[in-house]
Amino acid sequence: MASLADVFKEKERSNWLKAWLAIDIAKSGLEHLADNEAQTFHQHIYSQVTSTLKSQSATCTSCNTTHLLRNQQCPNRICDKVCQEINKEHRYKKCSWNNTSAPLWQTHYWEIAKCYIQTDGYADKISIQDTDFNGVVSFMLNCTRFDSKFSFPITKGKPTLNKPACLLYKAREVHKAVRHSSQMEVTDVDLQDYFTTLNNLLKDSSHLSQDNVAKNAVVKLAQLEKDTLLLTTTEMMCFLDAVGTTLKQHLNYIAKDVVDTSVNDLRVNTELCIDNIKDFMSNCKQELAKQANINKQDIDEHVDSKKQGIDDHTGRLKQGMDEHADRHKQGLDEHADRHKQGMDEHADRQKQDMDKHAGRHKQSIDEHADRHKQGIDEHASRHKQCLDKQAEKCIKDIQEQFGNTTFTETTYKQSCEDMLGDLTKYYRKRFSHINIFPLDDWAEEKLLDIYLPPNIQLMAKEKGYFKKTGEHILKYENIFLSDTEPNQQIFIQGEAGYGKSTFLAKLVMDWCTITSEQSAEMTLPIDDKTTRFSSHTHMRYSNVFDDLTSLKDFTYVFHVTLRESVGQFEIEKMIQTQIVDSIYSSEKDRGKAYILLNEIMKHERCLVLLDGLDEWTGTGDHHNLPTLAEVHSLCVLLITTRPWKMTEAKVLDSQICKLLQLDGVNKVFEVSRKILGCIKEFKGSQDLDKKQSEFESYVRKCGLLKHLYSPMMLCLIVHSWTKGTELKGSICEKYSLLLECLFKKANIETSEFQEPPYRCFTETQNIQPNIEHLNRLAEAAFYLLFSDTQEKALVFTITELKKFNLGQLDQENFSLKSGIISVTRKASALRSSSSFSFIHKSIQEFLAAYHIACNTNVIDDVISGYLNRHKDAYLDISQVFIFLCGLNISASNKLSGMMDELEVGCFHFERPTIRSELVKVILAGYREAVANQQKDIVLKHSLYYFNFYNDNRDLHSIWTNNKSDVLYMGIYVPDRQISRTGGESASHIEFDLSSCNKLKSLKLNGKGILLSEFASTSTAEYLVGIVLKSADQFQCADPPPLLPSIEYIRLCNVTCSYTCLRCLFCTLLTLDHALTFDLQSIYIKCAEAAKREIRAIIHKDVNNSSSVETENDNPYLFKALHGLNVKSLSLSIMQGGLNVAHEESLSQSLSSLTQLETLSIQVGYGSPGLWKALHGLNIKSLSLSIIDGGLNVAHEESLSQSLSSLTQLETLSIDVEYDSPGLWKALHGLNIKSLSLSFRIIDGGLNVAHEESLSQSLSSLTQLETLSIDVEYDSPGLWKALHGLNIKSLSLSIIDGGLNVAHEESLSQSLSSLTQLETLSIQVGYGSPGLWKALHGLNIKSLSLSIIDGGLNVAHEESLSQSLSSLTQLETLSIDVEDDSPGLWKALHGLNIKSLSLSFRIIDGGLNVAHEESLSQSLSSLAQLETLSIDVEYDSPGLWKALHGLNIKSLSLSVECGVAHEESLLQSLSSLTQLEKLSIEVLDYSPGLWKALHGLNIRSLTLRIMQGGLNVAHEESLSQSLSSLTQLETTLGILDKWDGPDNI
């Protein structure tokens, strides 16, 4: 990156450069507004002018600006009116005509904008990008159309005190100040003013503040002002080059100004002298005139008296006058000579002074310019050298690879222009016409005559699925941009025949139009909105996809048909094969074009159109999509496909910049009218209107409207109707008609079937005579389509055709003559070849379905193997299946079973995701079967998702036929009021689940669902009824079990009765497998609206232990639980306690649970009714949690009575926020064996009165063996309460802080008094010596220590070491600390323990060397150790070395961040000769980990991989290792994701 500070060292000159760049950024921010207004104004003018003309498409290019200014009238009456409109919008009515060219007005909108730039010099500027800041601002200042675009009034004339300058005027002054700065310096104060002016202008509230381009400019200005704007080297060089050019112009202007000033002074002085001379001569003439008048008067007075001697006297006077005139003339000449000589001398002196002055300034300017030019040249030279080296390297690489083929800048540009011309010619020839008559291959129409925009919608991801957003795509800009950001990879999906290929063809033609200098014959000269017209049909002006300028961003467009590139994945090679080889014939030309193509794709913005992803397969490796080389990153991909391919190809979300859905055409009857208009008989408008009306009536009568949205079907239906054939709605019928017409072209012989093999062949006349041809074509279509060589499935050679006896390649070949198979000739340097394909993939699919229908054995012999070999191929054959449903329902039923089996195999019931593609396929097949009047329709499908925004009656029929085999079922239903917008689809539908014996997962969502035990007639207000039991079961003495395979049920916003809910509970809780019942929100059908809603989660595990968790105490939920065979019940009531009515209901329900052993209740606060509900239960375990507060007196008494009545109670857990004496009293004398007490907030511990009460209660628990106490702070009274108890196990948790001295002494005395204690667990905030001293000499067998914050310091370690050594009976030790330390390991040295567990929560990078050595020595000293467990975050070689040679029998390792040092682990595990049981838990899979297991003599192995599954290489490594474990008896593999368990 480069910085402006690198150019000049002087601050003011850097400021000057920064000001230049600020002006450039500000110009970019104004361009969008100015350019849009220029275009709008241009359209407005021509709309006004042409609206008064007979032909609105008239043009004029004959007028020029000079003629118009001379008021010469335009012959087409266009240009002079345009001139008037331009002048009308000028603020001062003084347009700058020198800047514009009238012949370009109609085609170039910027030519009109230049009329408002006040200074000359812009005649050669063709766009706003070529125009400088002064020109853009002048346009906005002088054109009155901008008055509404700014919040301030635009300055008119020069600013005054009363009318200050507006921001536009100030911005122009900023430009002048920077441009004309003689010293090229700007002060900090001026620079700050410049930034303020430009910022305020770009932030103007009227329009610019909402303009994204202006916003971006404001951001850049802020970065520039703060010196955080970084420029690339290329940007800096361009900027400095522009500044350098401006400097040179500026120097020329300065020199010119100096010379002009001196010349002007000379001119003024000369004119002054001439004026003086003229005045003197005038005075002389006046004197002569006066004297002459006097003499003339004298002569007149004496004329009569002296007439005779007048001649003599006149002669004398004349002589005197001559002499007098000569004297005066001589004086005048002398006077003029003197003045002239003085003037010349004065001029010479002025000229000399001027030359000296100009020379001095020129020398100073040249020196100044040379210094800066030298600096700029040096800076540019360095970067240029770097770029030249890189360019030379690239050229050298190309030369080495391709000989002497090189491109200089000039030849590259010329070559690009040549290829562009060749490409557009090729596209115009290939895409300008399309066939709209499926029954006549030779009839073609111009694409732009017949084309209407398609219905394209934006797709967006919602809850894991791409769904239509309802946002229609109407502009090319909307395809290629998202929030002004370009999309690099765009997908358009749509079904077969919906117009995807035609849309791309239209896009190519639009690009050719906007790229060419002169448009095709069907278009007007290009402006921003190109309007098309046809000589055959009158097209209405459409603003859909008319923004052709959006395509100008792409220098090249490359159209690739993917079906012709099967097996290839490199896009560049596809373009070479399909386009370059088609344009150029010689090997030499192609070689050059290949190199040029690579350079173009590197350096130019290209659009690559990939048509038909569903017809393409890659190389079989990781290439799921055609790929671009990294160096071609400027290219944009637009890919079309059928929807199923997006799933099958596993296209990642990151690969989809934008996904669009193309659903055919919108205005189907406008298209049909255009098609009818192309038929000669209906050219007349009256006949055409009549035929169009008849066709619309026919479509509505036969219910064909839904088929017209497919352009292919629309053309077929229109054309067949004009030929007198009426269709009824079957797709098979339409394709039969298409075959009928194609066959007719090859063989005019006619004959009908006496007994048609299929209903769609009824009344056909050309199929029966050509049945042998049909069978051979169908056989070829089938075997090619189901070929394992995918590149031959759709495009094949003559060799493949001959295999199926389809004749020779000549004009009499039936398949070619009929047009069913098309041929493409491919030229090469050596020889020409031909490739073949069916005219459309859907034709091939129909023929393949016909072959299957005639030869059903191929389902087992061919299709079954094909589907097993190609994952997700069952979606690929979806159209074949739909056709087959209309031809042979028996074969379809069988094939649907195979397809269903494959989808079920890919379905994860733990994370269910319904892929709606197969549901749609089965549904479409069912409807096709019905349309063909098939019987015994039993299409197999196991996974269902019903969305009742759509019509689901046909899908419900399919479900009814499959309900005994349904595995997954999801239903979403809006409430009745919403659903009525769906029309007929809102009728009531009922699902009887009584036969759903295989159903594993059921999800119901929606207020329109009623869940009932039996069918009911009172269901009018609900769209869907779910019935659990049929009427037959009601009468059956031994009814079958309800949903015996169910594993998961989720109900949300569903209505049911509590008896129905109870029925579900009773039945489902008796199942012999795990089950989750998620009641997210269900409504009990009752009169009490406030008590209706239930939220709960019910879970039953494989041991028949059930738990119920609920957030609200709904009495109907309690009633539903009544009498259930529940062993474990958990109730969580977060919204407070129980009111009286609810307590009674709970009490009755709990009393009825005779098998209940474990009860857990969590409530917001306690209540007497809650304790009463517990009275007399036979439970063995009770857990009570009261979130807010403790127990008041009344509650304590009630609790005490209830606890005393629990005669079977063995385990009691109480969690409260505050302790109280009444709580301890309630515990007094219970026969419990285990007690757990938790107090979340105890300020300072227990007070004296409470401690005494606790002590008495604990002492009274004579059967108590296990005690667990969890408090925030310790206290002496707490430890005293433990004194002398006969407990065997004690767990103490003190979260905040450790033990102070006084407390430690009390704890020590209490622990010493526990003579029966065997197990001790202590958790503290941090360790202390007093804690370790308290452990000294205890007779415990098991010790667990957990220190939450930090490890052990030296003093602590010594104390711990002494205490551990004193525990002579200790067998099991568990230590959990945050950090390891050598002292900790030393404390373990020589202990007689049999089991050791070590856990370190945070170890950055593992154990350091010193610690590892200490650990190794300590572990080796544990001679009795049999079981070792280590839990760390990171592994290290020293950790594994510490295990080396131990005599342990059981090892458990948990490494959170994965195993990195596998070799060290391998060596250590191999050295554990006594090891029998191994458990390893790691973050991710690793082949090295599996190698470490190789050859061990272990009997039991447990593997847990927290993230990820096994790929093929890993599975092979694991398989080899497991095979080598010859002593292995038990293997347990647990993985969290993917397919790992199955592989193990």
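Looking for something touching a Lys or Arg at 6+ places or on another chain (Cβ under 6 Å), farther than 30 Å from P756 by Cα and open to solvent by 40 Å² or more (accessible area, probe 1.4 Å) - is there at least one such residue anywhere in region 947-968? Taking every residue of region 947-968 in turn, at least one turns out to be touching a Lys or Arg at 6+ places or on another chain (Cβ under 6 Å), farther than 30 Å from P756 by Cα and open to solvent by 40 Å² or more (accessible area, probe 1.4 Å). I'm checking my understanding of the structure. Among residues of region 649-673 that are among the acidic types (D, E) and out of contact with any Lys or Arg (no Cβ under 8 Å at 6 or more places or on another chain), which one is nearest to L607 (Cα to Cα)? Filtering first and then ranking leaves D663. As for region 118-134, it holds at least one residue that is free of Cβ contacts under 8 Å to residues at least 60 places away in the same chain and not in a loop (DSSP other than H, G, I, E, B). Only one entry of E917, E910 meets the criterion of being modelled with pLDDT under 85, open to solvent by 10 Å² or more (accessible area, probe 1.4 Å) and in a helix (DSSP H, G or I), and that entry is E917. K94 falls short on exactly one of the conditions (1) closer than 20 Å to D147 by Cα; (2) part of a helix (DSSP H, G or I); (3) not small (G, A, S), and that condition is (2).
Residue under question is D860, and the condition is that it be at positive phi and surrounded by fewer than 23 Cβ atoms within 10 Å (Cβ to Cβ); does it hold? In short, no.
Restricting attention to region 543-565, the residues that are touching a helix residue (DSSP H, G or I) at 6+ places or on another chain (Cβ under 7 Å), of a type in the set (V, I, T) and open to solvent by 30 Å² or more (accessible area, probe 1.4 Å) total 1. When restricted to residues that are in a loop (DSSP other than H, G, I, E, B), under 23 Å from D24 (Cβ atoms) and open to solvent by 20 Å² or more (accessible area, probe 1.4 Å), region 155-174 contains 1. Take the residues in region 1-47 that are modelled with pLDDT under 85 and aliphatic (A, V, I, L, M); name whichever of them is most open to solvent (accessible area, probe 1.4 Å). The qualifying residue most open to solvent (accessible area, probe 1.4 Å) is M1. Only one of the numbered conditions (1) part of a strand (DSSP E or B); (2) of a type in the set (D, E); (3) crowded, with 21+ Cβ neighbours inside 10 Å is violated by D614, and that is (1).
For region 566-585, the set of residues classified as open to solvent by 40 Å² or more (accessible area, probe 1.4 Å) and among the small types (G, A, S) consists of S582, S585, listed by residue number. Of the set (1) within 26 Å of Q43 (Cβ to Cβ); (2) polar (S, T, N, Q); (3) surrounded by fewer than 19 Cβ atoms within 10 Å (Cβ to Cβ), all apply to N142 but (3).
Here Y866 qualifies as within 17 Å of E779 (Cα to Cα), hydroxyl-bearing (S, T, Y) and either in a helix (DSSP H, G or I) or out of contact with any Gly (no Cβ under 6 Å at 6 or more places or on another chain) (or both). Restricting region 1313-1337 to residues that are within 15 Å of Q1362 (Cα to Cα), in a loop (DSSP other than H, G, I, E, B) and open to solvent by 10 Å² or more (accessible area, probe 1.4 Å), the residue that is modelled with the lowest pLDDT is S1328.
Against the test of being in a helix (DSSP H, G or I) and open to solvent by 60 Å² or more (accessible area, probe 1.4 Å), the options K645, K588 yield a single qualifying residue, K588. Tell me, please, whether a residue that is buried (at least 20 other Cβ atoms within 10 Å of the Cβ) and within 47 Å of the chain's Cα centre (by Cα) can be found in region 755-766. Checking region 755-766: at least one residue is buried (at least 20 other Cβ atoms within 10 Å of the Cβ) and within 47 Å of the chain's Cα centre (by Cα).
The values are calculated or read from the model by the stated rules, or taken from the named source; none is laboratory data. Since this is a predicted model, take the numbers as computed values, not measurements. Note that we place each Cβ from the backbone using ideal geometry, even for glycine, and neighbour counts take in every protein chain shown. The area values use the complete protein model at the heavy-atom level, side chains included, leaving out ligands, DNA and RNA. Shrake-Rupley method; radii C 1.70, N 1.55, O 1.52, S 1.80 Å.
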